[in-house]
Amino acid sequence: MSKRPDRAADPLDPLSDLIDTLRLSTEVQGAFELTAPFALCARRHADIHVLLLGVVRGSVTVSTEGARPATLTAGDVLLHTSSRPIELRDSPGTRAELTRASKCPWLSLATLRDDGDEARSAFVGVGFRLATPLKGPLLAQLPPMLVASPAASRTLDAALTLFRAEATAIRSGGRALLRRMAEVLFIELLRQQGEAPDGARGDLKALTDPALARALAAIHGDPAAAWTIESLGRVAGLSRSALAARFVAKVGETPMQYLTRSRMTRAAQLLLESEGGLNEIAARVGYRSEASFHHAFTRFIGETPGAFRRKQRGTRAP
């Protein structure tokens, strides 16, 4: 792991390279069937950074702090990126209460009411873990809840149907297949968000702009390069001022802010994945000295590189 090279980005497919930077791993997955009235109120497990929920039958109302409640029907998929508790109900009026009893490993606090005779709702849940607790540029600017409908994507509809069928079957290789299918759901959800006319700002929206996509691919392909707005502008085919204005409008931050975020995310991954010293890691993310890297990392993350490495390695579950 310590010798893993930084792979050059593909200018024709920067989204794939951005997804690769997440070092995404599928930790848990499962299928659930509930009969109304039901209510779940859950706090995410510390090792799970992103939750994905797909409704196969019926409907479920989902809410979390900082976002409007959303009612999902069959085929809808939701990505929950917030660390806040998430609540699932058969209808907005059904009450959910916290309890110490847990129904599944990715819900550390949950209560379940299943005492009605109405039609059952079925959904699948997936918990993802990132290589570091940092979401990186790709996820940092997404809303707490992101919902996509299968109406605009046959891939999403087909993947959810296959995931449900596999999750309820007992077959050899099932867990491995579910992990890969979960990643298909995740990637298709991000792709839909980027292509939506009213999609969130950030990497996903920027990737629909060919000039910005070239700049992003260059940053992720060689984070150690001495990038400036001028050099990134040459890659993008834009003037310095045009690149800066378009970056802020579509990404939500300046090119240099984005570059710093990308470097810090990569540095955090290297601190956890490798045994390299700070000088080596500093060089791999574009800093000429350990001191300058130490200062930048501490200012961005809020703790020193050494403290971050010790803390994260000490809290990681097997």
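The values are calculated or read from the model by the stated rules, or taken from the named source; none is laboratory data. It should be emphasised that the depicted structure is a prediction, and the values quoted were computed from it without experimental measurement. As a convention, Cβ positions derive from the backbone with ideal geometry for all residues, glycine included, and neighbour counts pool all protein chains shown. Each accessible area value is taken on the protein alone, full model and side chains, heavy atoms only, with ligands, DNA and RNA left out. Shrake-Rupley method; radii C 1.70, N 1.55, O 1.52, S 1.80 Å.
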- Considering residues of the range 54-63 that are crowded, with 22+ Cβ neighbours inside 10 Å and hydrophobic (A, V, I, L, M, F, W, C) only, the residue farthest from the chain's Cα centre (by Cα): V60
- Is the range 131-143 home to any residue that is farther than 24 Å from E87 by Cα, charged (D, E, K, R), out of contact with any Lys or Arg (no Cβ under 7 Å at 6 or more places or on another chain) and at pLDDT below 80? no
- Examine the range 253-273 for a residue that is within 30 Å of A211 (Cα to Cα), free of Cβ contacts under 8 Å to residues at least 12 places away in the same chain, open to solvent by 60 Å² or more (accessible area, probe 1.4 Å) and in a helix (DSSP H, G or I), and state whether such a residue exists. yes
- Filter result for F308 (open to solvent by less than 60 Å² (accessible area, probe 1.4 Å), closer than 30 Å to E27 by Cβ, under 24 Å from the mean Cα position of the chain (by Cα) and aromatic (F, W, Y)): yes
- Query: Are any residues in the range 152-184 open to solvent by less than 30 Å² (accessible area, probe 1.4 Å) and under 16 Å from L24 (Cα atoms), and if so, which ones?
  - Reply: L178, M181, A182
- When every residue in the range 216-246 that is assigned to a helix (DSSP H, G or I) and within 21 Å of the chain's Cα centre (by Cα) is compared, the one surrounded by the fewest Cβ atoms within 10 Å (Cβ to Cβ) is G221
- If you check A282 against the conditions, is it at pLDDT below 90, of a type outside the set (S, T, Y), open to solvent by less than 10 Å² (accessible area, probe 1.4 Å) and under 30 Å from R240 (Cα atoms)? no
- Query: Within the range 91-111, is there a residue that is farther than 30 Å from R261 by Cα, polar (S, T, N, Q) and at pLDDT 75 or above?
  - Reply: yes
- Message: For G277, only one of the following conditions fails: (1) at pLDDT below 90; (2) of a type in the set (G, A, S); (3) open to solvent by 20 Å² or more (accessible area, probe 1.4 Å). What is its number?
- Response: (1)
- Determine, yes or no, whether I187 is at pLDDT 80 or above, open to solvent by 40 Å² or more (accessible area, probe 1.4 Å) and of a type in the set (V, I, T). yes
- Task: Give the range 204-215 a look and list any residue that's touching a residue at least 40 places away in the same chain (Cβ under 8 Å), in a loop (DSSP other than H, G, I, E, B) and open to solvent by 20 Å² or more (accessible area, probe 1.4 Å), or say none.
- Result: L207
- Message: Quick check on my filter: what residues within the range 64-95 are surrounded by fewer than 17 Cβ atoms within 10 Å (Cβ to Cβ) and within 10 Å of P144 (Cα to Cα)?
- Response: E65, G66, R68, S83, R84
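Applying the selection to the range 167-184, what residues are over 14 Å from G125 (Cβ atoms), in contact with a strand residue (DSSP E or B) (Cβ under 9 Å, 6 or more places away or on another chain) and either at pLDDT below 80 or acidic (D, E) (or both)?
First, pick out the residues of the range 167-184 that are over 14 Å from G125 (Cβ atoms): 169-177, 180, 183-184.
Those left that are additionally in contact with a strand residue (DSSP E or B) (Cβ under 9 Å, 6 or more places away or on another chain): 175, 180, 183.
Result: R175, E183.
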